[in-house]
Structure formats: structure tokens, C-alpha cells
Amino acid sequence: MPETIEQMIAKFGGHTSPGSWFLAEESDIEKHEALFPYAHYLRQAWSELKLGGVLCVDGRPTVYLCASTRFSPQQKRQYHLYVWNQGLVPLLLFLTPDSVEAHSAVKKPERETPDQLFAAEPPSLIPVLSNVAV
């Protein structure tokens, strides 16, 4: 039986290293005093991107996890632009039932040309990692 997106998010969050936190819900922000300076930005991102979670390393938000059954290239570009403008996390992950895509949030978004509207992937893509059954 295939995993649901929620199960995949929980599995992702279960693999944090010591000293790291995975915020599975927006309300988890309040549980960590070190995140208070970032709380406004995290709430904004949760609302705008409908985050599946946030990985924090050494008390700092590091990865935004976006999860859905599918993301269009245009959605990925919009999310990347939002995260790049926010300037808070260096990595943006897109989790779908079939893949995990890592995108650099420090790579400056390129101006969208008519050709890019139909391009398969935005230039922020790092690798495409297929989900592997463990």
C-alpha cells in the first residue's frame, strides 16, 4: 500500500539528527525559544507555501518542506522566488509520492522568459532523488 503524503512527511521528520528539530505544524514554532526571532517569517511561509514542515539545524530554520501529490514547474518557480526573497532558509524540498526534489534557495531566480514558462524544471533544481523503499 503506497504511503500517504502525511506518512512521508512524518518519516522525513523522524530522521532528524541530534540537536535538530522538525516542525511538523505551525504551532511547533512556539515550542522552541531559539525560533522566536524567526517566528513571523515561519508563520508567513507556512501560510504562503502551505508547508509540510520545517527542518531546523542549530536553532535556525534550514529547510522548507513542501509536500503535495504534484507540483507544476510554475509552482516550483513561485515557491523558489518566495523563499529566495524571504532569505531565511537555504534549501527548499518538494516532496511528492514519486520523488524528492532539492532546490537551492540561495540561487537567484532567473527572469522568466516565454521559453521558461514551458521548461520542465526551474534552474534552482539541485538533483532529483527518487524515493527508495527501505
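Structural remarks
- Relative protection proxy for 26-38, 66-78, 86-98, from highest mean packing down: 86-98, 66-78, 26-38 (other beta-carbon atoms within 10 angstrom).
- Apportionment of accessible area to carbon and sulfur, the range 22-111, percent (1.4 Å): 50 percent
- For peptides 49-58, 7-16, sequence by mean Cβ density within 10 Å, most packed first: 49-58, 7-16
- Nearest-0.05 FRET efficiency for residue 81 and residue 3, computed from C-beta distance (R0 35 Å): 0.75
- In the full protein context, the range 1-40 carries 70 Å² of accessible surface per residue, based on a 1.4 Å probe and ignoring ligands, DNA and RNA.
- Between residue 36 and residue 111, the C-beta separation translates, for a Förster distance of 25 Å, into a calculated FRET efficiency of about 0.10.
The values are calculated or read from the model by the stated rules, or taken from the named source; none is laboratory data. Computed from a prediction, not measured in an experiment: that's the story for all the values here. Glycine gets a Cβ as well: all are built from the backbone with ideal geometry, and neighbour counts include every protein chain shown. Ligands, DNA and RNA are stripped out before the accessible areas are found, and what is left, the full protein with its side chains, is counted by its heavy atoms. Shrake-Rupley method; radii C 1.70, N 1.55, O 1.52, S 1.80 Å.
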